[in-house]
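Data block below; observations after.
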Amino acid sequence: MKAKRLLIVGGVAGGASAAARARRLDEQAQIIVFERGPHVSFANCGLPYFVGGEIADKSALLVQTPASLHTRFNLDVRCSQEVLAIDRAGRRVRVRDLASGRDYEEAYDALLLSPGAAPLRPPIPGIERPGHFTLRIVPDAEEITAWLEEMPKGRAVVVGGGYIGLEMAEQLHRRGLAVTVVEALPQVLAPFDPEMAAWLHQELRAQGVTLCLGDAVAAFEPPAPGQSARASVVVLKSGRRLEADVVILALGVRPETELARRAGLEIGALGGIRVNDRMQTSDPHIWAVGDAVEVRDRVTGAWALIPLAGPANRQGRIAADNIFGRDARYEGTWGTAVLRVFSLTAACTGASEKTLRQAGIPHLALHLHPGSHAGYYPGATPIALKILFAPDTGKLLGAQAVGRDGVDKRIDVLATALQAGLTVHDLADLELAYAPPFGSAKDPVNLAGMAAQNVLAGDVRLAQWHEVAGIDPATTVLLDVRTPAERQKGFIPGSIHIPLDELRARLAELPRDREIIVSCQSGQRSYFACRLLTQHGFRARNLTGSYRTWKTAQPA
Ligand code: FAD
């Protein structure tokens, strides 16, 4: 039988993963990988850490080379070669060798597109000025470090508070630059809910990073005489002007679909290549994976663009399986992601509260602040954990966590729970590994499940941090049940104070004609108080996440 000819466009996450899998499935196939850039299979996720110096050696980023891929997998990897056009009828691609400028054609039986996504460069006046950088490939990182080497201390403006923007802010700060992050939204990290992103605002500010939130760049101007900015003066819509010695443009990415578009492949409403669950495009001989494709959001069912390495790698494998006759499916995305912001880790999976609200999906939101491990063992730190679940079945819909330790582990457990379709009842029942340095006999994930069960059972009703500002004292009382020492450090204005241990004896001080919203530090003692109050005939709700969540969500 004639050997199958598989051509792959893009040799990094999705492309390289598909190529290696293809070889493992078919020793005879002819597999050619075209990569426009100078490197294949490099660690784009490591680039910010190379800029900051945490990854000192560039060679660590180059996970594979064309030679190593040839030796191990007998792949024909062609760097600095750009695929210019697809002739679908003739099943051929036209390729340009960027070094020589020579064009040539290659025929395919199957074509896999993994061209990724390009950093956005909106038409802001002055955006092309020198000293402005985007970060996608190794040469971008080298250009940034070369620019910074001439300027060890200086002022950096990072435009965009997404994952790459925040990682770059951290790494530029590590290099000794004074960093400002400009973000058009009122919060960093759009996939997180505002009160969760607020933990990162606190941390960034505590580390000396200036945040300009809810403000967008209007223009990049050349420095005026007397101004020392090496790159630009960044003019914000608010009128604020920031002198910048370097500007990092981290405004998000756009799927690279030009090739697919020109070939007449179906493109979705979000601008990504449309594929079925086998990663096959509208042409049965062409597959597409990674940042360039639209995928289904598994909670809302809506199409989504998810530029993350895990999905790209898994989709590459799935596409190769299908190309070589197996039946493999990509069921969609949970958007599970994690990043480090200085001493904090932030991670999320599934839908946020914002997304559920927009999609009109009924949900309940619960906040808690369990310790990363047993409180009696040294070094435990709180995790701000939020879960979202269905009010009828208790099915988990999403989770977010921020903390110093143990965040990734909890979100990964919750991501697994989401995929398995587990409910909060299942979370309460999960048997998770425990010893004091690692967790608690009731792990934060168990606690989240148990707290949610209490809500579903009707044992307690919840109030949310954002309701507090609109409370009418004629109908509602805020009750703080923390200790006097805790209250002395700060409290919700207008709240009355009765420590939990005095509550039973002081019930007469509370009104029976008004609802009582109870808070403590994290929401646990206020739950105990709610149980006490409801059993004594009061109408009480627990402020979920309590003072910690409310306080963090307040404007700085
Ligand atoms: P890519 O890996 O971008 O590969 C596409 C390749 O195709 C490119 O190298 C491009 O040159 C090539 N190409 C495009 N068009 C053509 C053409 N016509 N001909 C030939 N070649 C072509 N994700 C995470 O999950 N976690 C992280 O921590 C993380 N950090 C990141 C940090 C940075 C700085 C960046 C840039 C991305 C990060 N990502 C992270 C995202 C992750 O890298 C991407 O989701 C993933 O690489 C997408 O894989 P892909 O194969 O779709 O595209």
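The values are calculated or read from the model by the stated rules, or taken from the named source; none is laboratory data. These figures come from a predicted structure and were not determined experimentally. Neighbour counts are summed over all protein chains in view; Cβ atoms, including those assigned to glycine, are modelled from backbone coordinates with ideal geometry. Note: accessible area is taken over every heavy atom of the protein model, side chains too, but ligands, DNA and RNA are not part of it. Shrake-Rupley method; radii C 1.70, N 1.55, O 1.52, S 1.80 Å.
Take the range 178-219 and flag every residue that is open to solvent by less than 10 Å² (accessible area, probe 1.4 Å) and under 25 Å from residue 127 (Cβ atoms).
Passing the criteria: 179, 181, 182, 188, 189, 204, 209, 212.
What do you reckon, is residue 390 touching a Gly at 6+ places or on another chain (Cβ under 8 Å) and surrounded by fewer than 21 Cβ atoms within 10 Å (Cβ to Cβ)?
So residue 390 does not fit the description; no.
With the requirement that a residue be free of Cβ contacts under 8 Å to residues at least 24 places away in the same chain and either closer than 14 Å to residue 200 by Cα or assigned to a loop (DSSP other than H, G, I, E, B) (or both), what does the range 147-164 give you?
150, the sole residue that qualifies.
Testing residue 47 on (1) in contact (Cβ under 8 Å) with a residue 60 or more places away in the chain; (2) closer than 26 Å to residue 111 by Cα; (3) under 25 Å from the mean Cα position of the chain (by Cα), one condition comes back false. Which one is that?
Only one criterion is unmet by residue 47, namely (2).
Criterion first (within 17 Å of residue 540 (Cβ to Cβ), surrounded by 14 or more Cβ atoms within 10 Å (Cβ to Cβ), modelled with pLDDT of 95 or more and of a type in the set (Ser, Thr, Tyr)) does residue 483 satisfy it?
So residue 483 does not fit the description; no.
Go through the residues of the range 352-362 one by one and say whether even a single one is over 19 Å from residue 190 (Cα atoms) and free of Cβ contacts under 8 Å to residues at least 40 places away in the same chain.
Scanning the range 352-362, I find at least one residue that is over 19 Å from residue 190 (Cα atoms) and free of Cβ contacts under 8 Å to residues at least 40 places away in the same chain, so the answer is yes.
Scanning the range 120-149 for residues that are more than 11 Å from the ligand (Cβ to nearest atom), among the acidic types (Asp, Glu) and modelled with pLDDT of 95 or more, which turns out most open to solvent (accessible area, probe 1.4 Å)?
Out of the qualifying residues, it is 128.
Checking the condition on the phi < 0 side of the Ramachandran plot and touching a residue at least 60 places away in the same chain (Cβ under 8 Å), which residue from 459, 429 passes?
459
For the range 57-102: of the residues being under 18 Å from residue 43 (Cβ atoms) and assigned to a strand (DSSP E or B), which is most open to solvent (accessible area, probe 1.4 Å)?
62
Which one of 277, 297, 327 is more than 18 Å from residue 15 (Cβ to Cβ) and touching a strand residue (DSSP E or B) at 6+ places or on another chain (Cβ under 6 Å)?
Within the list 277, 297, 327, the selection yields 297.
If you go through the range 351-383, how many residues are under 27 Å from residue 300 (Cβ atoms) and either within 16 Å of the ligand (Cβ to nearest atom) or part of a loop (DSSP other than H, G, I, E, B) (or both)?
Of the residues in that region, 6 qualify.
Which one of these is within 15 Å of the ligand (Cβ to nearest atom) and in contact with a Lys or Arg (Cβ under 9 Å, 6 or more places away or on another chain): 248, 273?
273
State which residue is nearest to residue 110 (Cα to Cα) when the search covers only the range 1-15 and only residues that are within 11 Å of the ligand (Cβ to nearest atom) and more than 23 Å from the chain's Cα centre (by Cα).
If we take residues in the range 1-15 being within 11 Å of the ligand (Cβ to nearest atom) and more than 23 Å from the chain's Cα centre (by Cα), then 7 is nearest to residue 110 (Cα to Cα).
Failed condition for residue 174, given (1) buried (at least 22 other Cβ atoms within 10 Å of the Cβ); (2) under 23 Å from residue 130 (Cα atoms); (3) within 16 Å of the ligand (Cβ to nearest atom), with all others met?
Unmet condition: (1).
Kindly check whether there is at least one residue in the range 228-236 that is buried (at least 23 other Cβ atoms within 10 Å of the Cβ), under 30 Å from residue 143 (Cα atoms) and polar (S, T, N, Q).
yes
Which residue pairs have Cβ atoms under 6 Å apart, sit 6 or more places apart or on different chains, and have a first residue in the range 373-393 that is closer than 14 Å to residue 424 by Cα and a second that is at pLDDT 95 or above and open to solvent by 70 Å² or more (accessible area, probe 1.4 Å)?
Going by the 6 Å Cβ cut-off, the qualifying pairs are 391/362.
Among residues belonging to the range 18-54 that are near the ligand (Cβ under 8 Å from one of its atoms) and part of a helix (DSSP H, G or I), point out the one that is most open to solvent (accessible area, probe 1.4 Å).
45
Working carefully through the options 301, 316, 310, find the one that is part of a helix (DSSP H, G or I), free of Cβ contacts under 8 Å to residues at least 60 places away in the same chain and not polar (S, T, N, Q).
310
What number of residues in the range 339-357 are open to solvent by less than 10 Å² (accessible area, probe 1.4 Å) and of a type outside the set (Ser, Thr, Tyr)?
7
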